[in-house]
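Asks: Supplied in structure tokens, the structure appears directly below.
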Amino acid sequence: MDDRIDALLSDVEAMQTSREAHARRGELSDEVAAHAAQRTLIERMRGAIGQPVQVVVAAREISGTAVFLGNGIYVIAGIDATVVAIERIREIRTRSRRHTYESSPMERLGMGSALRRLAAVHEEISLELAGEGGTVRGRCDMVASDYVEISGRIIPHRAIALVQARINPFA
């Protein structure tokens, strides 16, 4: 009889220990979820700087190393340097789980800055336009605050999905 009572008490104790462990996991899960709800995509992208990434824009995937995060742009170095408009990104894949909260003063530079830097070195670029806009290739004739003139076309910065060049404009 004592064996059965000992077995019953052991079973009750194990059940209580299991309930406590489950409750702790639930509390930890709630804490992790609350912490994650405070994080932003920009913090995650900033945390992936220096890491391999794959970014999907429209139906195209760009792979390389994330090298710069600016005002509305993400620069990826691969075979070419690609300046991607963040608002056009459909998906990002990276092994990095880091979030970086502190921004650098360089993050205020955006698409106009990238285009001006490429124009200053007379770099031939390829602009991929949003939607069904197609691709425009050439050298920048003029870069204004909110548009670029290239190959006789005036293109608003907001219409640019990505810019590809042989050099990184922020290197």
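Asks: Taking a probe of 1.4 Å, how large is the accessible area per residue of the chain, in Å²?
Replies: 63 Å²
Asks: Now for a separate question. Can you pull the percent of the chain's accessible area that's carbon plus sulfur, 1.4 Å probe, other chains left in place?
Replies: 51 percent
Asks: Oh, and also: What spacing in nm lies between the two simple spin-label points modelled at ASP80 and ARG60, each 7 Å away from Cα in the Cβ direction?
Replies: 0.7 nm
Asks: Based solely on its DSSP helices, what 222 nm [θ] is calculated for the chain when runs of n ≥ 4 H residues each add -39,500 (n - 2.57) and the sum is averaged over all residues, nearest 500 deg cm²/dmol?
Replies: Result for the chain: -10500 deg cm²/dmol, rounded to the nearest 500.
Asks: Mind ordering 89-99, 122-132, 105-115 by average Cβ neighbours within 10 Å, highest first?
Replies: Going by the mean number of other Cβ atoms within 10 Å, highest first, we get 105-115, 122-132, 89-99.
Asks: Name the shape class, rounded, prolate or oblate, that the alpha-carbon gyration tensor gives for the chain, where a ≥ b ≥ c are the square roots of its eigenvalues, rounded holds for a/c under 1.5, and otherwise prolate holds if a/b is larger than b/c and oblate otherwise.
Replies: Prolate, because a/c is 1.5 or more and a/b exceeds b/c.
Asks: Among 57-66, 9-18, how do they line up by average Cβ neighbours within 10 Å per residue, starting with the highest?
Replies: 57-66, 9-18
The values are calculated or read from the model by the stated rules, or taken from the named source; none is laboratory data. Model, not experiment: these values are computed from the prediction. Cβ atoms come from the backbone with ideal geometry, glycine included; neighbour counts cover every protein chain shown. These area figures cover heavy atoms from the full protein model, side chains too; ligands, DNA and RNA do not enter into them. Shrake-Rupley method; radii C 1.70, N 1.55, O 1.52, S 1.80 Å.
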